Amino acid sequence: MLLEIENLAVEVAGKKVLKDINLSIAEGETHVLLGPNGAGKSTLFLTILGFPNYKIVNGTIKFKGQDITGLSTAERVKLGIGVSFQTPPAIRGVSVGDLLKIISNQDVSDELNPRMQELARQLKFSDEFLNRDVNLGFSGGEVKRSEILQLLAQMPDFTMFDEPDSGVDIENVELLASEIGTLLDKDKPQRSRKRSGLLITHLGYILNFVSADKAHVLIDGVISCSGNPSEILEDIRKNGFNGCVECAQCL
Ligand SMILES: Nc1ncnc2c1ncn2[C@@H]1O[C@H](COP(=O)(O)OP(=O)(O)OP(=O)(O)O)[C@@H](O)[C@H]1O
Ligand SMILES: [Mg+2]
């Protein structure tokens, strides 16, 4: 297993948001996290990333066999964890190009390396755009594409995508999905994939372009159902999340 979460309970601002999470993701697998607004999906991501406000009151998170529960966010990122945030902050005074150089271990006074220049071009970012401050005045779609570009500079072993398709137009969803595929080794045959991911999506449209191995439904801080992504999505479309609460057979 690349990621193993056992009996995880998390408090945020004194409120118990995650109650008893058990989740394992093997090397090369892509999992999907579904669930209603406020269920705790982003909280789970930020807890895996080690944000200090997210207090683990029970359980462990193991990554590559190592208990990372006590590690800082920086240490977790260095181990190979990455995230595209649902609503990332603007960073005044830091340009997208400079951030990409920092992530790629380049000197900021050097030219952006050719691989990143090519990826920026693929994601429809001009040189002028790369000179802009990170997320400052970006459109919704630009924020999402910029998050994916930063991840392509990092190439984590395990990537969490928090609603990468939300607010993105149809053409750009396909473009993003293709780059997400690169981050998840989808260009390789299943057995030789190494990179893994966990993807939050509400409508599931992106799953038409990114294959997923398993889905989990998080409701009120508990994973109430796990199974085949398209079957679960279909069921949610028909019966809403209540169907997942009642369905225990796929656990
Ligand atoms: N820093 C915080 N302070 C107070 N409450 C918080 C904080 N972070 C999360 N919460 C609360 O925890 C609950 C879960 O939030 P979370 O953002 O994880 O939901 P979500 O499943 O990602 O929802 P959505 O689909 O709307 O993005 C919500 O009730 C939220 O208000
Ligand atoms: Mg969220």
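Listing for the model above:
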| read-out | value |
| --- | --- |
| Neighbours by Cβ (under 6 Å, 6+ apart or cross-chain): first from region 109-122, touching a residue at least 60 places away in the same chain (Cβ under 8 Å) and over 17 Å from residue 94 (Cα atoms); second crowded, with 19+ Cβ neighbours inside 10 Å and small (Gly, Ala, Ser) | none |
| Whichever residue in region 174-227 is part of a helix (DSSP H, G or I) and of a type in the set (Gly, Ala, Ser) and, among such residues, is surrounded by the fewest Cβ atoms within 10 Å (Cβ to Cβ) | 192 |
| Which numbered condition residue 244 fails, given (1) away from ligand 1 (no atom under 16 Å from the Cβ); (2) part of a helix (DSSP H, G or I); (3) of a type outside the set (Val, Ile, Thr) | (1) |
| Residues satisfying the stated conditions in region 1-59, i.e. within 16 Å of ligand 2 (Cβ to nearest atom), more than 23 Å from residue 185 (Cα to Cα) and surrounded by fewer than 19 Cβ atoms within 10 Å (Cβ to Cβ) | 12, 13, 15, 36, 37, 38, 51, 53 |
| Which numbered condition residue 19 misses (of (1) under 24 Å from residue 78 (Cα atoms); (2) within 13 Å of ligand 1 (Cβ to nearest atom)) | (1) |
| Given (1) at pLDDT below 95; (2) out of contact with any strand residue (DSSP E or B) (no Cβ under 9 Å at 6 or more places or on another chain); (3) not charged (D, E, K, R), number of the condition residue 86 does not satisfy | (2) |
| Helices (runs of 4 or more DSSP H) contained in region 1-105 and holding at least 3 residues closer than 30 Å to residue 235 by Cβ | 41-49 |
| Lone qualifier among 167, 227 - being within 16 Å of ligand 1 (Cβ to nearest atom) and not β-branched (Val, Ile, Thr) | 167 |
| Yes/no for residue 73 being free of Cβ contacts under 8 Å to residues at least 40 places away in the same chain, among the polar types (S, T, N, Q), away from ligand 2 (no atom under 16 Å from the Cβ) and in contact with a Leu (Cβ under 6 Å, 6 or more places away or on another chain) | yes |
| Test: residue in region 157-167 that is in contact with a Gly (Cβ under 6 Å, 6 or more places away or on another chain), modelled with pLDDT of 95 or more, surrounded by fewer than 22 Cβ atoms within 10 Å (Cβ to Cβ) and under 28 Å from residue 103 (Cβ atoms) | yes |
| Contacts under 7 angstrom Cβ, first residue in region 80-92 being more than 18 Å from residue 168 (Cα to Cα), partner away from ligand 1 (no atom under 16 Å from the Cβ) and among the hydroxyl-bearing types (Ser, Thr, Tyr), 6 or more apart | 82/159 |
| Number of the exception - residue 26 against (1) away from ligand 1 (no atom under 16 Å from the Cβ); (2) on the phi > 0 side of the Ramachandran plot | (2) |
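The values are calculated or read from the model by the stated rules, or taken from the named source; none is laboratory data. Model, not experiment: these values are computed from the prediction. All Cβ positions, even for glycine, are placed from backbone atoms using ideal geometry, and neighbour counts span all protein chains on display.
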